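*Asks:* Pasting in a structure now, in structure tokens, and then I'll have a few things to ask.
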Amino acid sequence: MSESICKVSDVVFVRFQLIDLEPQKEYLNHFGMILAHETEDSIFFRGTGTAPYCYVATRGEKDRYIGTAYKVNHYEELEQLSERMGVKIEHNNEPGGGKKVVLTDPDGIQIEVYHGMTLNDPIDTAETVLNTGKRKNRTNELQRFGKADSEWQVHGDKWVYELTSKVKRLGHTAINCVDGKKSMKWYSNVLGFLVSDNVITPDGQIGGAFMRCNQGDMPVDHHTLNNIQLPGERPPGDNPTFGHAGYEVTDSVDDLMAGHYHMKTVDKYYHEWGVGRHLLGSQMYDYWRDPSGFTHEHWTDGDLLDESVEPGNPAFRELVMAQYGPEVPATFGLTMPSDEVDDFRSNNPKISDMIKEVETAQLK
Ligand SMILES: [Fe+2]
């Protein structure tokens with residue numbers, strides 16, 4: 001395999017254009033992010049980790065996913081990208097500073113690659129110690145989260161659980177591609193991504209992959225990118241390429257579950273899918289749509305792989321059938337206004353029903 005132009009070490013943030021920033025600020029607060037910077041036209045939200053921000057939106061005429069930003073460990077990698085891709089190295093005038101190059105992937109997604117951004121001090125949070133049937137790690141100390149029962153407060157006429165998840169960092173994006181193999185090749189050749197698991201379609205073709213950063217013997221997330229070629233027509237709406245953005249929560253399962261009950265009881269947002277435990281990547285997941293219909297995931301306890309692990313070729317059912325959790329809805333991976341989701345779901349088969357059909361046909 002030929003050497004890639006650079007090897008990105010991680011994803012940093014996702015960038016959107018939104019008509020109205022105020023509802024998104026409220027959503028991201030509920031989702032468990034922290035406003036790091038704000039200008040008249042832009043918002044920058046961070047997690048508890050060291051990235052200067054993990055979500056950026058700028059006011060514009062349309063709700064639009066613009067792209068994703070990654071980082072490299074060495075300035076020479078920006079120089080290589082500049083030379084080989086024919087783009088210039090720019091000074092980053094937004095918060096965080098550093099230098100960047102701006103590329104476009106085969107599906108028209110803007111890809112920014114940064115070096116030298118100033119890191120934040122991480123925000124310290126208490127770590128949960130769990131007792132299990134096999135191992136007792138906590139004695140003479142009561143298990144309490146946030147303000148315990150005081151997290152439940154009456155807002156108007158209903159109870160709201162006030163403790164949010166604590167987002168730590170952006171961990172991955174999922175994108176819908178016109179040509180899955182072409183996208184895989186670009187991310188592999190240009191950004192150095194490795195295949196963790198190929199996406200094998202029901203007819204046995206490679207239709208995309210779960211891809212991870214190549215950091216040699218340093219273990220990294222099972223997937224930093226999931227590029228997938230959806231069957232048939234391009235997805236509906238103005239944002240066919242955006243599947244979702246997945247953010248790791250700071251602590252473990254309780255952090256994810258607190259966020260679930262917070263989002264559920266504020267009762268303002270569409271719950272897309274969860275809570276469950278994926279097969280590919282193994283993380284626990286919970287997906288919520290934002291006011292513009294973009295899907296964001298809380299996740300925890302994902303797999304970490306180093307460069308030595310060869311690509312897997314899992315059956316199609318492993319892609320969407322979780323280890324446990326609700327059946328995957330027809331709208332998963334598609335961006336659409338939340339008030340159109342119910343209609344789409346009632347007019348289209350569930351993805352799990354399509355798998356059932358394929359498997360039943362194979363048995364005949
Ligand atoms: Fe995800």
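Please treat every number below as a calculation from the coordinates, not as lab data. Just so it is clear, the structure is predicted and the values come from calculations on it, not from any experiment. Heads up, the Cβs are rebuilt from the backbone with ideal geometry, glycines too, and the neighbour counts pull from every protein chain shown.
*Asks:* So which residues in segment 325-352 are outside any loop (DSSP other than H, G, I, E, B) and more than 16 Å from the ligand (Cβ to nearest atom)?
*Replies:* Result: SER338, ASP339, GLU340, VAL341, ASP342, ASP343, PHE344, ARG345, SER346, ASN347, SER352.
*Asks:* If I ask for residues that are out of contact with any Lys or Arg (no Cβ under 7 Å at 6 or more places or on another chain) and assigned to a loop (DSSP other than H, G, I, E, B), which ones from segment 20-44 would you list?
*Replies:* ASP20, THR39, GLU40
*Asks:* OK, next. Out of the residues in segment 196-216 that are touching a helix residue (DSSP H, G or I) at 6+ places or on another chain (Cβ under 7 Å) and part of a strand (DSSP E or B), which is surrounded by the fewest Cβ atoms within 10 Å (Cβ to Cβ)?
*Replies:* ILE206
*Asks:* Give all pairs with beta carbons closer than 7 Å in which a residue from segment 262-281 that is assigned to a helix (DSSP H, G or I) meets a residue that is of a type in the set (A, V, I, L, M) and more than 15 Å from the ligand (Cβ to nearest atom); count only pairs at least 6 apart in sequence or on separate chains.
*Replies:* So the pair list comes out as HIS262/LEU163; THR265/VAL160; VAL266/VAL160.
*Asks:* Only one of LEU130, LEU119, LEU103 is in contact with a strand residue (DSSP E or B) (Cβ under 6 Å, 6 or more places away or on another chain) and touching a residue at least 12 places away in the same chain (Cβ under 8 Å). Can you tell me which?
*Replies:* LEU103
*Asks:* I need the full set of residues from segment 302-322 which are without any contact (Cβ under 8 Å) to a residue 60 or more places away in the chain and either in a strand (DSSP E or B) or within 13 Å of the ligand (Cβ to nearest atom) (or both), in order please.
*Replies:* Result: VAL320, ALA322.
*Asks:* Go through the residues of segment 285-304 one by one and say whether even a single one is among the aliphatic types (A, V, I, L, M) and surrounded by 17 or more Cβ atoms within 10 Å (Cβ to Cβ).
*Replies:* So far as segment 285-304 goes, no, none of its residues is among the aliphatic types (A, V, I, L, M) and surrounded by 17 or more Cβ atoms within 10 Å (Cβ to Cβ).
Residue-wise test of (1) of a type in the set (Ser, Thr, Tyr); (2) buried (at least 18 other Cβ atoms within 10 Å of the Cβ); (3) within 30 Å of SER4 (Cα to Cα).
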site: THR139; (1), (2), (3): yes, no, no
site: TRP159; (1), (2), (3): no, no, no
site: ASN176; (1), (2), (3): no, yes, yes
site: LYS181; (1), (2), (3): no, no, yes
site: ASN189; (1), (2), (3): no, no, yes
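*Asks:* Could you pull out the residue among SER308, SER282, SER252 that is surrounded by fewer than 17 Cβ atoms within 10 Å (Cβ to Cβ), within 16 Å of the chain's Cα centre (by Cα) and among the hydroxyl-bearing types (Ser, Thr, Tyr)?
*Replies:* SER282
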